[in-house]
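One structure below.
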Amino acid sequence: MSDTLGDFMRYARAFQEAFATDDWARVEILFDDDIVWGAGGPGLPPGTGYLARGRSNASAAVKKSCDMYDRRFDRREPIPTSGPVAIPGGVHLEWVVTYTREGLPPIVVRGEEWDLFRDGKLVMHYECIHNGAEFAAFLSEHDAALLPVR
């Protein structure tokens, strides 16, 4: 039997390392072959949410999301606000991420995620962005001052 909190912590560390180095293989090796990776939330603009199936598609989706959003800022500071809490087969976590870019006010994105594991591998990740419309409006308003999409 897998220790889901331990599995989650390994995944979370690998994600932060992958973000820092842009080496997503660090995360991909923790994915089950049949992983389902998704994101959505109320008020998100059309085409913003996504669902990826399979290890390589999920890895590509993670990289694309980071390139389109997170890397447009000078700094991102993720902070858990609740959890991680063990749920059957996985973990639930509520969080905020504060994004800053020189010359702009910070923007705080609020959300939560569910991560399910099987035999130590991540089989499902779903995150719900609670203030996606606010984040999308910020990106649109400050597009020229943000770093370009990679």
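Just a few scattered comments:
- Filter pass, G83 being out of contact with any helix residue (DSSP H, G or I) (no Cβ under 6 Å at 6 or more places or on another chain), of a type in the set (G, A, S) and surrounded by 16 or more Cβ atoms within 10 Å (Cβ to Cβ): yes
- Considering (1) of a type in the set (A, V, I, L, M, F, W, C); (2) modelled with pLDDT of 95 or more; (3) not in a helix (DSSP H, G or I), the lone condition that A144 does not fulfil carries the number (3).
- The set of residues in region 10-49 that are under 21 Å from R75 (Cα atoms) and either touching a Ser or Thr at 6+ places or on another chain (Cβ under 6 Å) or not in a helix (DSSP H, G or I) (or both) comprises D22, D23, W24.
- Residues of region 84-100 classified as touching a Phe, Trp or Tyr at 6+ places or on another chain (Cβ under 6 Å) and aliphatic (A, V, I, L, M), total: 1
- For region 15-55, filtered to residues that are of a type in the set (K, R) and surrounded by 15 or more Cβ atoms within 10 Å (Cβ to Cβ), the residue that is nearest to L122 (Cα to Cα) is R55.
- Residue identified as acidic (D, E) and touching a residue at least 60 places away in the same chain (Cβ under 8 Å) among D70, D34, D23: D34
- Odd one out for R72, checked against (1) surrounded by 15 or more Cβ atoms within 10 Å (Cβ to Cβ); (2) among the basic types (K, R); (3) at pLDDT below 95: (3)
- The residues on offer are A58, A52, and the sole one that is in a helix (DSSP H, G or I), in contact with a strand residue (DSSP E or B) (Cβ under 7 Å, 6 or more places away or on another chain) and closer than 19 Å to R118 by Cβ is A58.
- Here region 122-141 is the region considered, the condition is being part of a strand (DSSP E or B) and in contact with a helix residue (DSSP H, G or I) (Cβ under 8 Å, 6 or more places away or on another chain), and the residue that is farthest from M9 (Cα to Cα) is I129.
The values are calculated or read from the model by the stated rules, or taken from the named source; none is laboratory data. In this text the structure is predicted, and so the values were computed from the model without any measurement. Methodologically, a virtual Cβ is constructed for each residue, glycine included, from the backbone with ideal geometry; neighbour enumeration extends over all protein chains shown.
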